[in-house]
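Participant: Pasting a structure here, questions to come.
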Amino acid sequence: MRRDYTLYLFAALGSFLIIYIALPLLIIFLKQTADIGMLIKTLHDPLVIKSLRNSLLTATATALISLLFGVPLGYVLARKEFHGKSIVQAVVDVPIVIPHSVVGIMLLVTFSSAILDSYTGIIAAMLFVSAPFTINAARDGFLAVDERLEHVARTLGASRLRAFSSIALPIAFPSIASGAIMTWARAISEVGAILIVAYYPKTAQILVMEYFNNYGLRASRPISVILVLMSLTLFIALRWLVGRAKNA
Amino acid sequence: MLEVRSLSKNWKEFSLRKISFDVRKGEYFIILGPSGAGKTLLLELIAGIYEPDEGRILMDGKDITGLPPERRGLAYIPQNYALFPNMRVFDNIAFGLKLRKLPKAEIEKKVKEIAEILDISHLLHRKPGTLSGGESQRVAIARALVIEPELLLLDEPFANLDVQTRGRLISEMKIWREDLGFTALHVTHSFEEAVSLGTRVGIMLDGRLVQIGGVREVFSRPASEAVAKFLGFENIIEGTASGRVLKANGLKIELPVEAEGRIRVGIRPEDIILSLNPVRTSARNVFRAEVEAVEELGPLVRVQLKSGGVELRAFITRSSMLEMGIRKGKELYVGFKASALHVF
């Protein structure tokens, strides 16, 4: 039998990207293990701990806010045809095409001192760039729920809200949760907009930059490693939980 | 009970044109039509899922046209059953009862009762994704009936099932209806379902309800060419069966299977053989008949006959008509094989 060389070729080409993504991760971890003293020192730095906490809290708050507003929006986009729907859909996707420094400038121009250098500002910047993930995931999740299920629920006596909460929402949940995780991940990795809107209170991703600028590569590496480790662990754990919920 | 008055609606490629009919209490009303006739849309309007462009829907004399689905007192079973995949069968059936805030013990009792009747007690702990088509349909029917709706709306309930399951469900449906005494509005494209289950039938073609009447009446006297063409299956004989013999208006017809009680049988016009002399073979039902009317349809001729009190229609070719000298008033013999009969 002839071997399927096309697939081998494609796999070889595709591996380039996988290696390209995995290699820097691997290298930074390896280099840091060779310099464990610096890592331990960093872990005892109160500034680092506080910034990590700030990052975690703001990203989590962002994910929750995006759920609160994004799930209803996703439902409307999935269920209702209306004039200007394509415009609404385009607005949802706008943050993806705007450079994040520009996002920061826009937010600052619009809300100025209300968000400048505050937790509100961090969350505002994060929400702007990461909410589309929740909205689109919720919309896709609801689109995958057969509308007739809700129709039947209603003829059985459920109000629209009840049909939503006991049928559409539970079925779309894995998709929505995936979206919220993406939002969280995108939020905790945001720098550009936060840099402009809220340099303080300091978040870990800003601190990495500051240490790099002030003390160089060696000083900024341990925080980077801790940040990546924390984000990846949470990201993978949450994805695993959602995957399990989907199969249950 | 249900009155539909002059209902019209344009929606996507479907349109309903001035649909009017009524469903009486205890009745099993069938709307029969080819796919694309707008049957599902009609059910969705009655269920309150969409609003009509024009017309009214009344339930027990009360106008429900503007009411949301949850306040109409009816249950709807769409074609794909629409079982809630996130709930076990038990919770699917209990859904409507929970919304009515019944005590837990009573919910449990009612679900178990209906599951018993529909023979799905063993499925209660399963998730819908693991059920076969026939099982899913039973669960869907149970979920609808358990809330004791005034009217049950069924959209092609047996269309996606294999022939055997379908036949069994149809005959069981008759029993459930006797046991539970519900009123149903059932849309289908299947003549078998219409003839087996229907008290009355409405024929729907191109968004219009073109004929309404008793099942036998509609099948034996199509109001228009279009209805006749759609029905095709034009001879429906009603009578009392005992074993393999059906007594119908003075005829004793041999059946292909054993049956008891009032039944209907159908035979296609092209399966009826006309002859000038009786041909006696064991396989054939042969009766004297008189020609009542002759209708030429191009190369084919439709002959309307009366044998005893039974009206029959047969197709013959134009040349055999001339050869046998068939005309109004002519006496001849009709014959058909028992196996050509369809017992509903």
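Participant: Tally time: how many residues in segment B:227-247 are over 20 Å from B:Leu197 (Cβ atoms) and in a strand (DSSP E or B)?
Facilitator: If we filter segment B:227-247 for residues that are over 20 Å from B:Leu197 (Cβ atoms), which is where we start, we get B:228-229, B:242-245, B:247.
Retained after the next criterion (residues that are in a strand (DSSP E or B)): B:242-245, B:247.
So the count comes out to 5.
Participant: Can you name the residue in segment B:23-38 that is open to solvent by 10 Å² or more (accessible area, probe 1.4 Å) and within 14 Å of B:Met204 (Cβ to Cβ) and, of all such residues, is modelled with the highest pLDDT?
Facilitator: B:Pro34
Participant: Could you say which residue among B:Ala248, B:Ala184, B:Ala241, B:Ala226 is of a type in the set (A, V, I, L, M, F, W, C), over 26 Å from B:Leu45 (Cα atoms) and out of contact with any Gly (no Cβ under 6 Å at 6 or more places or on another chain)? Even if it seems obvious, please write down each step before you answer.
Facilitator: Details: B:Ala248 fails: out of contact with any Gly (no Cβ under 6 Å at 6 or more places or on another chain); B:Ala184 fails: over 26 Å from B:Leu45 (Cα atoms); B:Ala226 fails: over 26 Å from B:Leu45 (Cα atoms).
When all the criteria are applied, what remains is B:Ala241.
Participant: Looking at B:Ile175, is it under 24 Å from B:Thr199 (Cβ atoms) and touching a Phe, Trp or Tyr at 6+ places or on another chain (Cβ under 7 Å)? Don't jump to the end; show me each part of the working.
Facilitator: Working: under 24 Å from B:Thr199 (Cβ atoms): yes; touching a Phe, Trp or Tyr at 6+ places or on another chain (Cβ under 7 Å): no.
It is false that B:Ile175 is under 24 Å from B:Thr199 (Cβ atoms) and touching a Phe, Trp or Tyr at 6+ places or on another chain (Cβ under 7 Å).
Participant: Being touching a strand residue (DSSP E or B) at 6+ places or on another chain (Cβ under 6 Å) and facing chain A (nearest Cβ under 8 Å) is the filter here, so list the residues in segment B:53-76 that pass it.
Facilitator: Hits for segment B:53-76 are B:Leu74, B:Ala75, B:Tyr76.
Participant: Under 26 Å from B:Lys25 (Cα atoms), buried (at least 22 other Cβ atoms within 10 Å of the Cβ) and either at pLDDT 95 or above or small (Gly, Ala, Ser) (or both), is that true of B:Ala184? Can you show your working first?
Facilitator: Working: under 26 Å from B:Lys25 (Cα atoms): yes; buried (at least 22 other Cβ atoms within 10 Å of the Cβ): yes; either at pLDDT 95 or above or small (Gly, Ala, Ser) (or both): yes.
The answer is yes for B:Ala184.
Participant: Here's something else I'd like to know. Condition check: surrounded by fewer than 22 Cβ atoms within 10 Å (Cβ to Cβ), in contact (Cβ under 8 Å) with a residue 24 or more places away in the chain and either within 23 Å of B:Thr40 (Cβ to Cβ) or away from chain B (no Cβ under 14 Å) (or both). Does A:Ser189 satisfy that? Break it down stepwise before answering.
Facilitator: On the way: surrounded by fewer than 22 Cβ atoms within 10 Å (Cβ to Cβ): yes; in contact (Cβ under 8 Å) with a residue 24 or more places away in the chain: yes; either within 23 Å of B:Thr40 (Cβ to Cβ) or away from chain B (no Cβ under 14 Å) (or both): yes.
Spelling it out, A:Ser189 is indeed surrounded by fewer than 22 Cβ atoms within 10 Å (Cβ to Cβ), in contact (Cβ under 8 Å) with a residue 24 or more places away in the chain and either within 23 Å of B:Thr40 (Cβ to Cβ) or away from chain B (no Cβ under 14 Å) (or both).
Participant: Check B:Leu74, B:Leu41, B:Leu58 and return the single one that is under 15 Å from B:Leu185 (Cα atoms), within 19 Å of the chain's Cα centre (by Cα) and of a type outside the set (S, T, N, Q).
Facilitator: Exactly one residue qualifies, and that residue is B:Leu41.
Participant: Which ranges mark the helices (runs of 4 or more DSSP H) fully within segment A:98-178 that have 3 or more residues being more than 14 Å from chain B (Cβ to nearest Cβ) and touching a Lys or Arg at 6+ places or on another chain (Cβ under 7 Å)? Explain how you work it out, then say what you get.
Facilitator: Numbers: elements: A:100-111, A:119-143, A:147-155, A:160-163.
By residue number, A:119-143.
Participant: Within segment A:71-87, is even one residue modelled with pLDDT of 95 or more, assigned to a helix (DSSP H, G or I), within 21 Å of A:Ile181 (Cβ to Cβ) and open to solvent by 60 Å² or more (accessible area, probe 1.4 Å)?
Facilitator: Among the residues of segment A:71-87, at least one is modelled with pLDDT of 95 or more, assigned to a helix (DSSP H, G or I), within 21 Å of A:Ile181 (Cβ to Cβ) and open to solvent by 60 Å² or more (accessible area, probe 1.4 Å), which makes the answer yes.
Participant: If you take the residues in segment A:154-186 that are open to solvent by less than 40 Å² (accessible area, probe 1.4 Å) and among the hydroxyl-bearing types (Ser, Thr, Tyr), which one is farthest from B:Pro78 (Cα to Cα)?
Facilitator: My answer is A:Thr183.
Participant: (1) over 18 Å from B:Glu150 (Cα atoms); (2) surrounded by fewer than 23 Cβ atoms within 10 Å (Cβ to Cβ); (3) at the interface with chain A (Cβ under 10 Å from one of its Cβ atoms); (4) over 18 Å from the mean Cα position of the chain (by Cα): which one isn't true of B:Gln79, the others all being true?
Facilitator: Looking at each condition in turn, B:Gln79 falls short on (4).
Participant: Let me ask something additional. Could we say that B:Leu131 is assigned by TED's automatic domain parsing to the domain that holds B:Glu27 and either more than 22 Å from B:Met87 (Cα to Cα) or in contact (Cβ under 8 Å) with a residue 12 or more places away in the chain (or both) here?
Facilitator: Values: assigned by TED's automatic domain parsing to the domain that holds B:Glu27: yes; either more than 22 Å from B:Met87 (Cα to Cα) or in contact (Cβ under 8 Å) with a residue 12 or more places away in the chain (or both): yes.
Criteria met by B:Leu131.
The values are calculated or read from the model by the stated rules, or taken from the named source; none is laboratory data. This structure is a prediction, so every number in the text was calculated from the model and none was measured. Reconstructed Cβ throughout: ideal geometry from the backbone, glycine too, with neighbour counts over all protein chains shown. The protein model used for the area step is the full one, side chains on, heavy atoms only, and it has no ligands, DNA or RNA in it. Shrake-Rupley method; radii C 1.70, N 1.55, O 1.52, S 1.80 Å.
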